[in-house]
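Inspection log for the structure reproduced underneath, given as structure tokens.
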Amino acid sequence: AQSVAQPEDQVNVAEGNPLTVKCTYSVSGNPYLFWYVQYPNRGLQFLLKYITGDNLVKGSYGFEAEFNKSQTSFHLKKPSALVSDSALYFCAVRDGSSGYSTLTFGKGTMLLVSP
Amino acid sequence: GAGVSQSPSNKVTEKGKDVELRCDPISGHTALYWYRQRLGQGLEFLIYFQGNSAPDKSGLPSDRFSAERTGESVSTLTIQRTQQEDSAVYLCASSFLPGGTYGYTFGSGTRLTVV
């Protein structure tokens with residue numbers, strides 16, 4: 001079984017400040033980890049992924065995430081938040097050891113960036 | 001096509017009626033997935049099609065839900081005798097590799113409202 005926890009329903013940050021959106025996961029095999037963003041009335045857009053390699057992954061729109069195996073975490077970060085970053089963010093995991101497993105998503109974290 | 005296309009974008013139906021939702025994946029994507037997103041909740045996996053293999057139906061919530069896919073093209077999700085708890089956004093996604101090794105591409109979703 002695989003699961004994802006996003007402990008914060010909402011994160012508030014002022015524009016220009018760094019932001020972190022937390023994610024922890026549980027998977028029996030190799031974790032493949034993803035972050036997606038959803039703007040109002042839109043589908044999910046891919047931000048970044050971790051499959052293997054460097055623990056720090058860089059993605060779209062200046063976002064990055066750090067894979068921490070010992071803490072089973074994959075927190076999303078950005079050095080300087082923009083008002084336009086305000087959206088719903090989803091973390092997802094799949095078991096990379098299984099060729100046919102699907103993505104399991106967290107409940108999502110609403111990011112609100114104030115001017 | 002260039003992206004995953006879903007229709008209709010919005011559907012309002014009366015309780016007890018049947019509805020059919022359509023998804024047109026990216027050309028060449030062998031895998032297709034349906035998820036449900038209820039208001040304020042995360043994404044709930046419904047069903048996964050991989051090529052000509054038997055679909056993974058483990059996420060379908062009841063026998064009122066069914067889905068079909070013709071080869072590696074269009075998929076339809078059918079909900080019979082709709083109930084108010086079926087109100088949600090239904091998201092379709094596709095991927096080139098089985099299970100979405102490098103992530104999924106999502107459509108914009110169908111917002112279903114059962115009145």
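Figures for the structure shown
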read-out: Filter result for the condition that a residue is farther than 21 Å from A:Glu8 by Cβ and surrounded by fewer than 21 Cβ atoms within 10 Å (Cβ to Cβ), over A:Leu56, A:Leu48; value: A:Leu56
read-out: Any hit, the range B:86-94, residues being touching a His at 6+ places or on another chain (Cβ under 6 Å), more than 9 Å from chain A (Cβ to nearest Cβ) and crowded, with 20+ Cβ neighbours inside 10 Å; value: yes
read-out: Qualifying residues in the range B:1-25 (those that are small (Gly, Ala, Ser), open to solvent by less than 80 Å² (accessible area, probe 1.4 Å) and not in a strand (DSSP E or B)) - the one farthest from the other protein chains (Cβ to nearest Cβ); value: B:Gly16
read-out: Answer residue from the range B:26-46, given it is over 17 Å from B:Thr101 (Cα atoms) and assigned to a strand (DSSP E or B) and is nearest to the other protein chains (Cβ to nearest Cβ) among those; value: B:Leu43
read-out: Total residues in the range B:47-56, condition surrounded by fewer than 19 Cβ atoms within 10 Å (Cβ to Cβ), more than 10 Å from chain A (Cβ to nearest Cβ) and either within 11 Å of B:Ser75 (Cα to Cα) or of a type in the set (S, T, N, Q) (or both); value: 1
read-out: Members of the range B:47-93 found to be of a type in the set (Asp, Glu) and in a loop (DSSP other than H, G, I, E, B), listed by number; value: B:Asp63, B:Glu72
read-out: From the options A:Ser60, A:Ser73, residue that is of a type in the set (S, T, N, Q) and at pLDDT below 95; value: A:Ser60
read-out: Residue list for the range A:70-100, restricted to those being open to solvent by 40 Å² or more (accessible area, probe 1.4 Å) and touching a residue at least 40 places away in the same chain (Cβ under 8 Å); value: A:Gln71, A:Thr72, A:His75, A:Lys77, A:Pro79, A:Ser80, A:Leu82, A:Val83, A:Ser97, A:Ser98
read-out: Any hit, the range B:94-114, residues being in a loop (DSSP other than H, G, I, E, B), within 10 Å of the chain's Cα centre (by Cα) and farther than 17 Å from A:Tyr100 by Cα; value: yes
read-out: In the range B:95-115, the residues that are among the aromatic types (Phe, Trp, Tyr) and either buried (at least 17 other Cβ atoms within 10 Å of the Cβ) or away from chain A (no Cβ under 14 Å) (or both); value: B:Tyr104, B:Phe106
read-out: Members of the range A:101-115 that are buried (at least 20 other Cβ atoms within 10 Å of the Cβ) and under 15 Å from the mean Cα position of the chain (by Cα); value: A:Leu103, A:Thr104, A:Phe105, A:Gly106, A:Gly108, A:Thr109, A:Leu111
read-out: Strands (runs of 3 or more DSSP E) fully within the range A:35-75 counting 2 or more residues that are away from chain B (no Cβ under 14 Å); value: A:56-58, A:64-68
read-out: Verdict on B:Gly107 being touching a Leu at 6+ places or on another chain (Cβ under 9 Å) and closer than 15 Å to A:Phe105 by Cα; value: no
read-out: When residues of the range A:101-110 are limited to those that are in contact (Cβ under 8 Å) with a residue 24 or more places away in the chain and not in a strand (DSSP E or B), the one nearest to the other protein chains (Cβ to nearest Cβ); value: A:Lys107
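This table checks each residue for (1) of a type in the set (Lys, Arg); (2) under 26 Å from A:Asp95 (Cα atoms).
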| position | (1), (2) |
| --- | --- |
| B:Pro25 | no, yes |
| B:Leu32 | no, yes |
| B:Tyr48 | no, yes |
| B:Pro55 | no, yes |
| B:Ala67 | no, yes |
| B:Arg81 | yes, no |
| B:Ser94 | no, yes |
| B:Tyr104 | no, yes |
| B:Thr113 | no, no |
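The values are calculated or read from the model by the stated rules, or taken from the named source; none is laboratory data. Since the model is a prediction, treat every value here as computed from it, not as a measurement. Positions of Cβ are generated from backbone atoms using ideal geometry, with glycine treated the same way; all protein chains shown enter the neighbour counts. When the accessible area is computed, the model is the full protein with side chains, heavy atoms only, and any ligands, DNA or RNA have been set aside. Shrake-Rupley method; radii C 1.70, N 1.55, O 1.52, S 1.80 Å.
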